[in-house]
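Visitor: Have a look at this one.
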Amino acid sequence: MTSLPSMPQDASEARTLPGVRPAVRAVPAYPFTPADVPIKLDQNENPYDFPADLKAEALRRMGERAWNRYPDLHADTLRERVAGYEGWDAHGVVLTPGSNVLIKILTELAGIGQTVLTVEPTFSVYTLEASLLGARLVQLPLNEDFSMPVTALKAALASHEPGVLYITQPHAPTGFVDTPEAVRDLVEAARDWVVVVDEAYHEYSGTDYRELVRQHPNALSLRTFSKAWGLAGIRAGYALTSPGLAENLQKLVSAFTMNALTQCALEVALEHPAYVQERVQEGVQERERVLSALRDHPTCEALPSQGNFFLLRVPDPQAAYAHLLSRGIVIRRQDSLPGLRGCLRIAIGAPAENDALIEAVQALR
Ligand SMILES: *Cc1c(COP(=O)(O)O)cnc(C)c1O
């Protein structure tokens, strides 16, 4: 993997680009540096590629498509397939190239000139889009145990002009799962808001907020093919919501944005979803194995998680990051985030990768 050398200082000088909105200039570029090492545990990806036979079938279908023709305007065939898989009305399904794009569109729908309410720490894309698009961003600190500050969030819902409320279950980057009562309480308090339940990792936690979302036309469940499905490179995510909210979201989705390859890959994946369950089972087993192997570490604390990743609190995060990297393992530092002092975020890999991780962490002091 290569990345461009860093930009010369004067190329980013704001005053040479007066047309760029100040809000955009003020936001730093997405902070991600790819590392070229064998064990990649820094992006919560699935350690396994899309199964080879399914990949071959998707490519065969791609070969039969006319590449000179635009794909489906709103990926209607795929919306129906996703609806069938999720037991949802196809009119309430919105597909985008990754759920990150949906987060941008949700901010355009209900955040611009309004409020984006979330917790802190939170998934960086919510706050990034809010800042870029000039939404009023309100963040409330998580409780000490990483649960949501429900009372404070309800007070904020009542005292701010509406907009978007983000609830992440399991939470990122902590992997914490709140009680269904807490989530319901918030969704019910947010009837004038667009309420997003981001369920990017729900396969690993076994939580499922479809029923709650079904009862609230202003709510949506955000799901992705990037994690449990092992299709992060294909770029696809979707919202499950009411037809009314879906219709408005769809207006903001660029026409023809779900490309032909993505459509072929997802059609094949949705025809053969059994592989997902097998991998999720292994991922959950491996997560528990790693957490228990690190339980008695003298200086590092592995925090419980319901996702395909966990937080490791270490005495010296910079040294720990370098130590793991020297052993060919890249993880993500989170220690500058509020409430996450000393924390590294580590994805669960394949068993041999997890063995290497455990061994490397055992050597940390
Ligand atoms: C990984 C992740 C997503 C998925 O993003 P995509 O654009 O679909 O790859 C969404 N929300 C959270 C909290 C995530 O961690």
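Visitor: For Val116, only one of the following conditions fails: (1) over 30 Å from His272 (Cα atoms); (2) away from the ligand (no atom under 16 Å from the Cβ); (3) not acidic (Asp, Glu). What is its number?
Guide: It fails just one condition, (2).
Visitor: Do we have Arg365 as outside any helix (DSSP H, G or I) and at pLDDT below 95 here?
Guide: Yes: the conditions hold for Arg365.
Visitor: Quick check on region 333-362: of everything there that is open to solvent by 50 Å² or more (accessible area, probe 1.4 Å) and not acidic (Asp, Glu), which residue is nearest to Ile39 (Cα to Cα)? Step through it out loud before you land on a result.
Guide: Of the residues in region 333-362, the ones open to solvent by 50 Å² or more (accessible area, probe 1.4 Å) are 333, 336-339, 341, 352, 355, 359, 362.
Still in the list and also not acidic (Asp, Glu): 333, 336-339, 341, 352, 362.
Details: Arg333: 16, Ser336: 23, Leu337: 24, Pro338: 27, Gly339: 27, Arg341: 24, Ala352: 10, Gln362: 17 Å.
Filtering region 333-362 for residues that are open to solvent by 50 Å² or more (accessible area, probe 1.4 Å) and not acidic (Asp, Glu), the one nearest to Ile39 (Cα to Cα) comes out as Ala352.
Visitor: Of the residues Val280, Val253, Val290, Val314, only one is surrounded by 14 or more Cβ atoms within 10 Å (Cβ to Cβ), touching a strand residue (DSSP E or B) at 6+ places or on another chain (Cβ under 9 Å) and more than 27 Å from Leu142 (Cα to Cα); which?
Guide: Values: Val280 fails: touching a strand residue (DSSP E or B) at 6+ places or on another chain (Cβ under 9 Å); Val290 fails: more than 27 Å from Leu142 (Cα to Cα); Val314 fails: more than 27 Å from Leu142 (Cα to Cα).
Of Val280, Val253, Val290, Val314, the one residue that is surrounded by 14 or more Cβ atoms within 10 Å (Cβ to Cβ), touching a strand residue (DSSP E or B) at 6+ places or on another chain (Cβ under 9 Å) and more than 27 Å from Leu142 (Cα to Cα) is Val253.
Visitor: Considering every residue within region 337-350, establish whether at least one is assigned to a helix (DSSP H, G or I) and touching a residue at least 24 places away in the same chain (Cβ under 8 Å).
Guide: no
Visitor: Is it the case that Thr96 is without any contact (Cβ under 8 Å) to a residue 40 or more places away in the chain and either β-branched (Val, Ile, Thr) or open to solvent by 60 Å² or more (accessible area, probe 1.4 Å) (or both)?
Guide: When the stated conditions are applied, Thr96 does not pass them.
Visitor: Then there is this: Exactly one condition in (1) over 30 Å from Asp76 (Cβ atoms); (2) in contact (Cβ under 8 Å) with a residue 24 or more places away in the chain; (3) not hydroxyl-bearing (Ser, Thr, Tyr) is not met by Arg295; state its number.
Guide: Going through (1) over 30 Å from Asp76 (Cβ atoms); (2) in contact (Cβ under 8 Å) with a residue 24 or more places away in the chain; (3) not hydroxyl-bearing (Ser, Thr, Tyr) one by one, Arg295 breaks only (2).
Visitor: Considering only region 63-84, state which residues are in a helix (DSSP H, G or I), in contact (Cβ under 8 Å) with a residue 12 or more places away in the chain and either open to solvent by less than 50 Å² (accessible area, probe 1.4 Å) or within 16 Å of the ligand (Cβ to nearest atom) (or both).
Guide: Those that are in a helix (DSSP H, G or I), in contact (Cβ under 8 Å) with a residue 12 or more places away in the chain and either open to solvent by less than 50 Å² (accessible area, probe 1.4 Å) or within 16 Å of the ligand (Cβ to nearest atom) (or both): Leu78, Arg79, Val82.
Visitor: Still on this structure: If I go through region 26-53 residue by residue, how many of them are within 9 Å of Ala347 (Cα to Cα) and not in a loop (DSSP other than H, G, I, E, B)?
Guide: 1
Visitor: Just wondering, is there one or more residues in region 167-187 that are more than 26 Å from Cys343 (Cβ to Cβ) and in contact with a His (Cβ under 9 Å, 6 or more places away or on another chain)?
Guide: Yes, some residue in region 167-187 is more than 26 Å from Cys343 (Cβ to Cβ) and in contact with a His (Cβ under 9 Å, 6 or more places away or on another chain).
Visitor: From the list Glu211, Glu188, Glu199, Glu181, exactly one residue is within 12 Å of the ligand (Cβ to nearest atom) and under 27 Å from Ala158 (Cα atoms). Which is it?
Guide: Only one candidate passes the filter, namely Glu199.
Visitor: On to the next question. Which condition does Asp36 not pass, out of (1) more than 15 Å from the ligand (Cβ to nearest atom); (2) open to solvent by less than 90 Å² (accessible area, probe 1.4 Å); (3) free of Cβ contacts under 8 Å to residues at least 60 places away in the same chain; (4) under 24 Å from the mean Cα position of the chain (by Cα), if it passes all the others?
Guide: Condition (2) is where Asp36 drops out.
Visitor: Does Thr107 satisfy being away from the ligand (no atom under 16 Å from the Cβ), in the same structural domain as Leu266 (by TED's automatic domain parsing), open to solvent by less than 10 Å² (accessible area, probe 1.4 Å) and farther than 29 Å from Ile348 by Cα? Full working, then the answer.
Guide: On the way: away from the ligand (no atom under 16 Å from the Cβ): no; in the same structural domain as Leu266 (by TED's automatic domain parsing): yes; open to solvent by less than 10 Å² (accessible area, probe 1.4 Å): yes; farther than 29 Å from Ile348 by Cα: yes.
Considered against the rule, which asks whether it is away from the ligand (no atom under 16 Å from the Cβ), in the same structural domain as Leu266 (by TED's automatic domain parsing), open to solvent by less than 10 Å² (accessible area, probe 1.4 Å) and farther than 29 Å from Ile348 by Cα, Thr107 comes out as no.
Visitor: Give me the pairs, please: first residue somewhere in region 126-153 and more than 27 Å from Pro180 (Cα to Cα), second residue anywhere and in a loop (DSSP other than H, G, I, E, B) and of a type in the set (Phe, Trp, Tyr), beta-carbon distance under 9 Å, and either six or more positions apart or on two chains.
Guide: Final answer for the pair search is Leu128/Tyr30.
Visitor: Considering Ala274, Ala319, Ala265, which residue is more than 18 Å from Gln43 (Cα to Cα) and either under 21 Å from the mean Cα position of the chain (by Cα) or open to solvent by less than 40 Å² (accessible area, probe 1.4 Å) (or both)?
Guide: Details: Ala274 fails: either under 21 Å from the mean Cα position of the chain (by Cα) or open to solvent by less than 40 Å² (accessible area, probe 1.4 Å) (or both); Ala319 fails: either under 21 Å from the mean Cα position of the chain (by Cα) or open to solvent by less than 40 Å² (accessible area, probe 1.4 Å) (or both).
So the residue among Ala274, Ala319, Ala265 that is more than 18 Å from Gln43 (Cα to Cα) and either under 21 Å from the mean Cα position of the chain (by Cα) or open to solvent by less than 40 Å² (accessible area, probe 1.4 Å) (or both) is Ala265.
Visitor: Of the residues Pro141, Pro173, Pro149, which single one is within 16 Å of the ligand (Cβ to nearest atom) and not small (Gly, Ala, Ser)?
Guide: That would be Pro173, the only listed residue that is within 16 Å of the ligand (Cβ to nearest atom) and not small (Gly, Ala, Ser).
Visitor: Let me ask something additional. Using the structure shown, decide if Leu340 is touching a Ser or Thr at 6+ places or on another chain (Cβ under 9 Å) and either hydroxyl-bearing (Ser, Thr, Tyr) or not assigned by TED's automatic domain parsing to the domain that holds Gly175 (or both).
Guide: Yes; evaluated as a whole, the condition is true for this residue.
Visitor: Right, next: (1) touching a residue at least 24 places away in the same chain (Cβ under 8 Å); (2) more than 16 Å from the ligand (Cβ to nearest atom): which one isn't true of Arg60, the others all being true?
Guide: Tallying (1) touching a residue at least 24 places away in the same chain (Cβ under 8 Å); (2) more than 16 Å from the ligand (Cβ to nearest atom), Arg60 fails exactly one: (1).
The values are calculated or read from the model by the stated rules, or taken from the named source; none is laboratory data. Because the structure is predicted, anything quoted here is derived from the model rather than measured. Here the Cβ is made from the backbone with ideal geometry for all residues, glycine too, and neighbour counts use every protein chain on show. Calculation scope for accessible area: heavy atoms of the full protein, side chains included, ligands and nucleic acids excluded. Shrake-Rupley method; radii C 1.70, N 1.55, O 1.52, S 1.80 Å.
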